[in-house]
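Undergrad: Structure incoming, see below.
The values are calculated or read from the model by the stated rules, or taken from the named source; none is laboratory data. Note that the structure is predicted; figures quoted are calculated from it, not measured. For neighbour counting, all protein chains shown are included, and Cβ atoms are generated from backbone atoms with ideal geometry for every residue, glycine included. The protein model used for the area step is the full one, side chains on, heavy atoms only, and it has no ligands, DNA or RNA in it. Shrake-Rupley method; radii C 1.70, N 1.55, O 1.52, S 1.80 Å.
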Amino acid sequence: MRILIAGASSALGRATASAARAAGHHVIAVGSSAERLEPVDADERVVCDLTSFSAVSSLAASVGPVDALVHLVGGWRGGGGLAGQSDEDWAWLEQRVVGTLRNTTRAFEAALGASSAGRVVIISTTGLDRPTAGNASYVSLKAAAETWLAAVSHALRATPATTHVIRVKALVSAADRSAEPDRTFDGYSDVDDVASEIVGLVGS
C-alpha cells in the first residue's frame, strides 16, 4: 500500500510512519517543515502547505497513486468557557482540523477511489460524547470533520474505499512520559498503540 500521512511530523505521525514501513508499506510523509519531516521514517518526504487546496492539488498530481490517506493534522486550543472561545482560536482550528481534511480528501478522492483497497483514516475526540464550554470550538470542528468524512464515504461508495474514525481523549508519547515522569496520563492513548490501529485499518 502507498500510504500518504498528512501531518507526519507529529508524534503520532512519526509512530505511524514507522509502523507502516515495518509492515511493508510505502510511506509518503507530508508536512509543512522539511526540518520536522527529516526524522520521520518514510520512503518519501514532501513539504506542502496543506491549508492550500492548490498546493495539495499539486501534491496529488506529483506523488502518483495513493492507496491510503491518513490525516493527522490537528492541534488544540480552547479553555475559558464560551467567552474564551476566541475568533482567532476558531480560525486556527478550522484551518487545521477541517480545512486540511477538506483539501486532502478532495485532491486525493480520485486516487483513493481507483485503489483496490482505498482507505481514509482520521483522528477525532471522545470529547464529542460530552462537549464542554471550554472545549466548544474544538469539539464542534471535530464533529464537522467527522461529518465531512461521512460525505467522503458517500463520494467513494461505488469503490472499494472505506473511511475510518479513531477517537481518543488525548495522545501521549514516550517523550511526553519522559518529560513528566510523575504524571499518570490517565485515559490517554499511546501513539504507538494508535499507530498500530491505523496500520491495521489500512492493511485490512
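Undergrad: Consider residue 172 carefully, then state whether it is over 14 Å from the mean Cα position of the chain (by Cα), surrounded by 14 or more Cβ atoms within 10 Å (Cβ to Cβ) and either free of Cβ contacts under 8 Å to residues at least 40 places away in the same chain or more than 19 Å from residue 89 (Cα to Cα) (or both).
TA: yes
Residue-wise test of (1) open to solvent by 80 Å² or more (accessible area, probe 1.4 Å); (2) β-branched (Val, Ile, Thr); (3) under 15 Å from the mean Cα position of the chain (by Cα).
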site: 140; (1), (2), (3): no, no, no
site: 153; (1), (2), (3): no, no, no
site: 159; (1), (2), (3): no, yes, no
site: 166; (1), (2), (3): no, yes, yes
site: 184; (1), (2), (3): yes, yes, no
site: 192; (1), (2), (3): yes, no, yes
site: 197; (1), (2), (3): yes, no, yes
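Undergrad: Can I ask one more? Can you tell me which residue in the stretch 146-204 is nearest to residue 116 (Cα to Cα), limited to those that are assigned to a strand (DSSP E or B) and of a type in the set (A, V, I, L, M, F, W, C)?
TA: 165
Undergrad: Count, please, the residues in the stretch 44-63 that happen to be under 21 Å from residue 116 (Cα atoms) and open to solvent by 30 Å² or more (accessible area, probe 1.4 Å).
TA: 2
Undergrad: Need the failing condition index for residue 16 against (1) open to solvent by 30 Å² or more (accessible area, probe 1.4 Å); (2) among the hydroxyl-bearing types (Ser, Thr, Tyr); (3) closer than 24 Å to residue 189 by Cα, just the number.
TA: (1)
Undergrad: Could you please find all residues in the stretch 1-28 being assigned to a strand (DSSP E or B) and farther than 11 Å from residue 71 by Cα?
TA: 2, 26, 27, 28
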